[in-house]
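Q: Take a look at the following structure, please.
Bear in mind these aren't lab numbers, they're just calculated from the coordinates by the rules spelled out. Keep in mind that this is a model prediction, so the values were computed, not measured. Note that each Cβ is placed from the backbone with ideal geometry, even for glycine, and that neighbours are counted across all protein chains shown.
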Amino acid sequence: MRGTAFRRIVLASTSRYRHELLSRLHIPFDVRAPIGVDERAVVLPARELALELAWQKAASVAALEPDAIIIGSDQTASVDGELQTKPETPENAAAQLRRLAGRTHELITGVVLIDTRTGRRLDHLDIHSLTFRDLTDAEIADYIAKDNPTDCLGACKIESLGITLMSRIEGNDFTAITGLPLIAVTRLLAELGVNVLGTQSRST
């Protein structure tokens, strides 16, 4: 019921990481896969790209949900301005980690919320600097065998054993590193009338 219960919230993502993160807020939400988003077709600098893809994902689902709050998110990573991709294979992961050893890369997480009732759009960009320590080939091989980071930007699962590869992390919201900045999501939901810690949402 409007004004007495949470608005319908839809996560525009099939990522298990984002699903797990949003579940931490203990609010009901549904999941829909983004439609027609070709990530390889968009050519932009890393920061702009993260927000653009988050917007495209949210907008593709918003077209199907007339009265809901849609959450879309995307991540990019760059080293010295060069975009990084998910390695997809252990061999590519090893090559990425050899390049990243002793260097700092920027991990950018964009999130977009669309209120399809009002057409209002809110967005946020979260940026972390991750510095890898020097790594030996043996450490890289052992890490990949244990953590299988082939589906992660930077070939590193920070929420798991990947933290052992780091010498320094700078940023404001650790959850952004794993795919969804919950501090920002909580704030943006509140702006749209959903209080995560309340039993009611304000009518918007």
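Q: Distance between Cα centroids, the stretch 46-115 to the stretch 123-162: provide it in whole Å.
A: Here the answer is 15 Å between Cα centres.
Q: Turning to a different aspect of this structure: Please arrange Asp67, Asp173, Asp38 by how many other C-beta atoms lie within 10 Å of their C-beta, fewest to most.
A: Asp38, Asp67, Asp173
Q: Same structure again: Equivalent-ellipsoid semi-axes (√(5λ), Cα gyration tensor) for the stretch 89-204, whole Å, largest first? Present the calculation step by step, with values, prior to reporting the outcome.
A: Values: eigenvalues 262, 32, 30 Å².
Values for the stretch 89-204, descending: 36, 13, 12 Å.
Q: I want to check the label-to-label distance for Thr136 and Asn195. Put each point 7 Å from Cα in the C-beta direction and report it in nm to one decimal.
A: With each label point 7 Å from Cα toward Cβ, the separation is 5.6 nm.
Q: Hey, what angle do you get for helix 137-147 against the long axis of the chain, alpha-carbon based, 0 to 90 degrees rounded to 10?
A: It is inclined by approximately 30 degrees.
Q: Using the 2.2 N^0.38 Å rule of thumb for compact globular proteins, work out how the chain stacks up: its C-alpha Rg over that value, please.
A: Normalised Rg, Cα atoms only: 1.08.
Q: Can I ask one more? In the stretch 21-117, which trypsin sites (Lys or Arg not before Pro) are in a loop and have at most 14 other Cβ atoms within 10 Å, using DSSP for the loop call?
A: When the trypsin sites (Lys or Arg not before Pro) of the stretch 21-117 are filtered for loop state and at most 14 Cβ neighbours within 10 Å, Arg24, Arg103 remain.
Q: Still on this structure: Less than 19 Å apart at the alpha-carbon level, and either on another chain or at least 8 residues along: which lysines does that give for Lys157?
A: Lys86, Lys146
Q: Let me ask something else about it. Helix 182-191 sits at what angle to the longest principal axis of the chain, using alpha carbons and giving 0 to 90 degrees rounded to 10?
A: Long axis of 182-191 versus the principal axis of the chain: about 20 degrees.
Q: Another one. Please list the non-local residues whose amide H lies under 5 Å from the amide H of Val10, H modeled 1.01 Å from N, same-chain partners needing a gap of 5 or more.
A: Asp30, Ile69, Ile70, Ile71
Q: List, in order, the whole-Hz ³J(HN,Hα) value for each residue of the stretch 67-83 obtained from phi through the Karplus relation with A = 6.51, B = -1.76, C = 1.60 and θ = phi - 60°; use x for Gly and Pro.
A: Per-residue couplings from phi come out as 8, 7, 9, 9, 10, x, 8, 8, 10, 10, 9, 9, 10, 6, x, 8, 5 Hz.
Q: Please report the projected area of the stretch 1-93's Cα convex hull averaged over all directions, in nm².
A: 7.7 nm²
Q: Which angle from 0 to 90°, rounded to the nearest 10, does the C-alpha axis of helix 90-100 make with the longest principal axis of the chain?
A: Taking the Cα atoms of the chain, the angle to 90-100 is about 80 degrees.
Q: Calculate the spin-label point distance for Arg103 paired with Ala145, positioning each point 7 Å from the Cα along the beta-carbon direction, and give it in nanometres.
A: About 2.6 nm, to one decimal.
Q: How far is it, in nm, from the label point at Asn172 to the one at Leu83 when both lie 7 Å from their Cα along the line to the Cβ?
A: Taking the simple label geometry, Asn172 and Leu83 are separated by 2.5 nm.
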